Amino acid sequence: MWKDLLMRVYLLILMTVIFCLSGHFQQSFAETCSENMMQAMKAEGLSDAQIQNICHRLALQAKPANEVIKRLIARKFFPQGNLTEVRIMEIGDYNSQERYWPVKVALLYRRLDYDFQEQRYVIGKDKEYSAVRVYHFFQDDFGSWQAAEVER
């Protein structure tokens, strides 16, 4: 009886992980485990703590939403406001060992010029520049999205 129960729980968890890693989940932690999924796990005999642990692990592996990617790049890497466009080119496969999503983006931005009279940087009025960059997106211990630029 216990073997059968453990096998059912294992299959349920495996199916849930496969579903999440297939790219269908881009929700936040609160939306990661649906009510039906949590009821199914409870029916299989899992405790609330076990269900929360599974949902938390699944949330950490959920892809970052496109708006999260764009907002985080603008805020962290272009805080002066000189970024004019972020186009997501590709979101790679989740790296489960290092726990990050690789994201390739095309950026359109204006150069910063130093204004000697006002002694500060200002957004240049000349042409826009473009670049393709790769960032690693991951969630910290508190569930907030973070990004790190990959060295070129």
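A few comments on the model shown:
- Residue list for region 100-144, filter: among the charged types (D, E, K, R) and loosely packed, with under 12 Cβ neighbours inside 10 Å: ASP115, GLU118, ARG120, LYS125, ASP126, LYS127, ASP140, ASP141
- Selection from region 103-137 of residues that are touching a residue at least 40 places away in the same chain (Cβ under 8 Å) and hydroxyl-bearing (Ser, Thr, Tyr): TYR121, TYR135
- Condition check for ILE123: of a type in the set (Val, Ile, Thr) and out of contact with any Lys or Arg (no Cβ under 8 Å at 6 or more places or on another chain): no
Bear in mind that the values in this text are calculations on the coordinates, not laboratory data. Keep in mind it's a predicted model, so treat the numbers as computed, not measured. Don't worry about glycine lacking a Cβ; one is built from the backbone with ideal geometry, like all the others, and counts go over all protein chains shown.
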